[in-house]
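Let me begin by presenting the structure, written as structure tokens, before commenting on it.
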């Protein structure tokens, strides 16, 4: 555990300024959940603010905070909602404040820079029903995010219908063919694409389940669990190779500090 986090937890009960980070369906995917929490926590550490987590999402069934005292239910609380990043400077010890992830959209670059130097293992743990799915042999992973445009779900629930991530198909195929002697797991947000890769390269490993974008209001609990399973398996890789840019694979690499590189 980093000294900053360890000292923060030791002094947590003595902090008088209070901030609630609230996360629920519609506020982003797994990567968003973690990266914004890390960013807000760092701000709270630097400014002696007691951070609470209020979450209404099944993500919390499968990956949980190590410190129960940081959980809070915002219901029946009187709090002030902060609507701008600069509003964090207004926090005092007379009120309870609440912040949503979208407040930090204007400082995304800074958010990612902070997330990159953080080890999520210091704060969160996976539940046993996720851990039991870990492959027994060592492996490397590849992750391709096609984007919300290619999500296999009811399009009425997709907010960013034109979200499409760039990737080089020739480069993808070449990497697989040149590393066929390695134990490789391939992950993708599109189930059909993942299955096609497996059909084309029989030696590639996949987790043969359907996942979903955990921000969508129509996602099922099984799809959430499957998404966390894939996130966990990614996080335990010897290396993670990204085929297209994705906060999902980046934050997976930050859980146990796994080498993260482009194919």
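Only the coordinates and a few stated rules stand behind these numbers; no lab work does. In this text the structure is predicted, and so the values were computed from the model without any measurement. We place every Cβ from the backbone using ideal geometry, glycine too, and count neighbours over all the protein chains shown.
Can you tell me the length gained on complete extension of the stretch residue 15 to residue 122, counting 0.36 nm per residue apart and subtracting the Cα distance? Don't skip to the answer; put the middle values down first.
On the way: separation 107, 0.36 × 107 = 38.52 nm, distance 2.00 nm.
Here the answer is 36.5 nm.
Nearest 10 degrees, 0 to 90: what angle lies between the long axis of helix 30-47 and the longest principal axis of the chain (Cα atoms)?
The angle comes out near 30 degrees.
Which of 102, 248, 187 ends up with the largest GNM mean-square fluctuation for the chain, with Cα atoms connected below 10 Å?
102
May I ask for the angle, rounded to the nearest 10°, between helix 191-200 and the longest principal axis of the chain, with both axes built from Cα atoms and the value confined to 0 to 90°?
It is inclined by approximately 30 degrees.
Once you have a ≥ b ≥ c as the square roots of the Cα gyration tensor eigenvalues for the stretch 3-126, tell me rounded if a/c is under 1.5, and otherwise prolate or oblate according to whether a/b is larger than b/c. Walk me through the intermediate numbers first.
On the way: a/c = 1.16, a/b = 1.10, b/c = 1.06.
It is rounded, given that a/c, with a ≥ b ≥ c, falls under 1.5.
Sketch the reach of a paramagnetic label on residue 140 as a point 7 Å from Cα along Cα-to-Cβ, and name the residues of the stretch 242-263 whose backbone nitrogen lies under 12 Å away.
Under 12 Å, as judged by backbone N against the label point of residue 140, lie 242, 259-263 of the stretch 242-263.
Mind listing the Cα extents of the chain along all three principal axes, in Å, largest one first?
Result for the chain: principal-axis Cα extents of 61, 41, 32 Å.
Post the alpha-carbon centroid distance, the stretch 67-93 to the stretch 173-192, in whole angstrom.
43
For the chain, what is the relative contact order in percent, using Cα pairs closer than 8 Å and at least 6 residues apart in sequence? Kindly include the intermediate steps, with their values, before the conclusion.
Values: 437 pairs, mean separation 60.4, N = 263.
About 23 percent, as a whole number.
For helix 221-235, report the angle its Cα long axis makes with the longest principal axis of the Cα atoms of the chain; keep it between 0 and 90° and round to the nearest 10°.
Helix 221-235 sits roughly 80 degrees off the main axis of the chain.
If each residue of separation counts as 0.36 nm, what is the full-extension length gain between residue 202 and residue 71 once their alpha-carbon separation is subtracted? Display every interim value, and only then the final one.
On the way: separation 131, 0.36 × 131 = 47.16 nm, distance 4.45 nm.
The residue 202-residue 71 span can extend by a further 42.7 nm.
Among rounded, prolate and oblate, which fits the stretch 132-262 when a ≥ b ≥ c are the square roots of the eigenvalues of its C-alpha gyration tensor, a/c under 1.5 means rounded, and a/b larger than b/c means prolate?
In terms of gyration-tensor shape, prolate.
Let me have the 222 nm mean residue ellipticity of the chain computed from DSSP H runs of 4+ only, each contributing -39500 (n - 2.57), with the sum over all residues rounded to the nearest 500. Mind dumping the intermediate values first?
Numbers: 9 runs with 86 residues, N = 263.
Using -39500 (n - 2.57) per qualifying helix, the result is -9500 deg cm²/dmol.
Quick check: Cα centre of the stretch 104-119 to Cα centre of the stretch 1-60, how many Å?
13
At 7 Å along Cα-to-Cβ for each site, give me the label-to-label distance between residue 210 and residue 80 in nm.
Each label point lies 7 Å from its Cα, and together they span 4.7 nm.
Please order 148, 58 by the number of other Cβ within 10 Å, starting at the fewest.
Values: 148 21, 58 17.
So the ranking, lowest neighbour count to highest, is 58, 148.
Please label the shape of the stretch 53-120 as rounded, prolate or oblate, based on the square roots a ≥ b ≥ c of the eigenvalues of the alpha-carbon gyration tensor (a/c under 1.5 means rounded; beyond that, a/b larger than b/c means prolate, else oblate).
On the way: a/c = 1.81, a/b = 1.02, b/c = 1.78.
Since a/c reaches 1.5 but b/c is at least a/b, the shape of the stretch 53-120 is classed as oblate.
Highest first, please rank the peptides 30-42, 158-170 by the mean number of other Cβ atoms sitting within 10 Å of their residues.
Working: 30-42: 23.0, 158-170: 12.2.
Taking the mean over residues of other Cβ atoms within 10 Å, the ranking is 30-42, 158-170.
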